[in-house]
1. Tally time: how many residues in segment 232-271 are surrounded by fewer than 15 Cβ atoms within 10 Å (Cβ to Cβ) and in contact with a Lys or Arg (Cβ under 9 Å, 6 or more places away or on another chain)?
2. Can you tell me which residue is farthest from Asp312 (Cα to Cα) among those in segment 64-116 that are assigned to a helix (DSSP H, G or I) and among the acidic types (Asp, Glu)?
3. Name the residues in segment 38-62 that are free of Cβ contacts under 8 Å to residues at least 24 places away in the same chain and either assigned to a helix (DSSP H, G or I) or of a type in the set (Asp, Glu) (or both), would you?
4. Within segment 93-108, is even one residue out of contact with any strand residue (DSSP E or B) (no Cβ under 6 Å at 6 or more places or on another chain), in contact (Cβ under 8 Å) with a residue 12 or more places away in the chain and closer than 17 Å to Arg429 by Cβ?
5. For Ala322, state whether it is touching a helix residue (DSSP H, G or I) at 6+ places or on another chain (Cβ under 8 Å), among the small types (Gly, Ala, Ser) and either buried (at least 16 other Cβ atoms within 10 Å of the Cβ) or modelled with pLDDT of 95 or more (or both).
6. What about Ile352, is it in contact with a helix residue (DSSP H, G or I) (Cβ under 8 Å, 6 or more places away or on another chain) and crowded, with 22+ Cβ neighbours inside 10 Å?
7. I'd like to check something: does segment 17-25 contain any residue that is modelled with pLDDT under 95 and within 27 Å of Thr411 (Cβ to Cβ)?
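The values are calculated or read from the model by the stated rules, or taken from the named source; none is laboratory data. Only a predicted model underlies this, so the values are computations on that prediction, with no experimental measurement involved. Neighbour counts run over all protein chains shown; Cβ positions are idealised from the backbone, glycine included.
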Amino acid sequence: MEKLKFERPVINRINAGVPDKFGMATTVQPISHIDEVAVQDLLEQYGSPLYVLSEKTIRDTYKEAYSAFKTRYPKVQFAWSYKTNYLNAVCKVYHQEGSWAEVVSGFEFEKALANGVPGSKIIFNGPDKSKEDLERAIELGALIHIDHYDELYEIMEIAPKIGKTAKVAIRVNMDTGIYPHWDRFGFNYENGDAWTAVNKIMPDPNMELVGLHTHIGTYIMTPSAYGIATAKLAALAVRIDQKYKHNIKYIDMGGGFASKNTLKGAYLPGSDTCPSFDDFAEAITGALINSDIQYDHTPTLFLETGRALIDDAGYLLGTVLANKRLLDGRRSLIIDIGVNNLFTSFWYEHHIVPARIKQFDAEDTTIYGPLCMNIDIIRAAIQFPVLEKGDQVVIKRIGAYNMTQWMQFITYRPKVVIIDIQGNSHIIRENENHETMNALDRIPEHLDNIQL
């Protein structure tokens, strides 16, 4: 028997996954269907890459969130956060469910009006409201959330000229014990700035202070922070009542609820650590109920959560373009989904799986997009099955921000489809092409002709 040749041992660095005493967990569950519609059929019909939204998931998630709050507090009103996903079909689903509109720009205000939302059911947030925006908001009776003194003074000038009372709230930032402390937006609670703003608004006959608003941050994993914020807004409402005998009509707790996505650097997946709607509802409604606000003047609780309502409903389908080996021997996969389509890949470790698995052996893999730039990385390190050119992949939980923060860069933006409750798919945004990309371009006459 021939003696085996000596091979020196090799220590391989672990780049993906967390080993336990049983070794590396490499089981990957494919996603072959979305709401019983085959991924392969969707890609064949609409092309790759492709955004897919589940109407059923949107409605089910909304009902779950609404129930969590409504079963704990008598007066609850959601307002859909347009910046999270302002595709008209998506907004219409939320409006059908009873959600108002929350907008942060004149552009979004126009979209909400065009979608049939009355001005009186539009919450207008954000630091950039033009004079024209404010005039229109006052005319239509929108709820204007004042962000800074310059905006406050401008409303003081505009409202008398229009001859209508401006319905306003102030945005309040505060210390809720979380980091970072968002103090960029609104008036600070602790230093008395918010109280000063109230005292400027209340004597003005052309403004009615109807609400108090806060938005403490984004992807908040600590429900108790909302309890602290709610208690502070409630205390401010009580103080207003004591001084001015004026009852605030609503308290708006904004959004920022975490979705089940996993943040980069997190030890455990977001699906295991993300608080539930019940957790957030318990913290917020508990603080309101236990406040000193008089029962017969109970304010409406407004909520503007976006990410937690829509993330689970979104999928991004794509196709493998190539396999390559990196210098250190690891496998890399190139797919037709880039960071221009998946902006949230800069802060999430997105859940990506094959549409079907031919072999179950997984390798430490880096998944790249198709863009000619080194930062186009969808997953830097993941235990992934070996796929071939033409195989299909599915990325889960991409419903929030990716269809508003997407970029036209190097590749055209693809189609977006929605699968309705009956399992039928509909195009809700067409893909870009050469014609649409050049529709707004203008060429000066002296550049019209070229000679090469």
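1. 2
2. Residues of segment 64-116 that are assigned to a helix (DSSP H, G or I), as a first pass: 64-70, 88-96, 106-114.
Then drop every residue that is not among the acidic types (Asp, Glu), which leaves 64, 108, 110.
Working: Glu64: 13, Glu108: 23, Glu110: 27 Å.
Restricting to residues being assigned to a helix (DSSP H, G or I) and among the acidic types (Asp, Glu), the top hit is Glu110.
3. Within segment 38-62, the subset free of Cβ contacts under 8 Å to residues at least 24 places away in the same chain is 38, 41, 44, 60.
Listed by number, the residues that qualify are Asp41, Glu44, Asp60.
4. yes
5. Values: touching a helix residue (DSSP H, G or I) at 6+ places or on another chain (Cβ under 8 Å): no; among the small types (Gly, Ala, Ser): yes; either buried (at least 16 other Cβ atoms within 10 Å of the Cβ) or modelled with pLDDT of 95 or more (or both): yes.
Criteria not met by Ala322.
6. Judged against the criteria, Ile352 is not a match.
7. There is no residue in segment 17-25 that is modelled with pLDDT under 95 and within 27 Å of Thr411 (Cβ to Cβ).
Conditions tested, residue by residue: (1) under 19 Å from Val198 (Cα atoms); (2) assigned by TED's automatic domain parsing to the domain that holds Asp252; (3) assigned to a helix (DSSP H, G or I).
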site: Ile138; (1), (2), (3): yes, yes, yes
site: Ile144; (1), (2), (3): yes, yes, no
site: Glu154; (1), (2), (3): yes, yes, yes
site: Ile158; (1), (2), (3): yes, yes, yes
site: Val168; (1), (2), (3): yes, yes, no
site: Arg171; (1), (2), (3): yes, yes, no
site: Thr176; (1), (2), (3): no, yes, no
site: Pro180; (1), (2), (3): no, yes, no
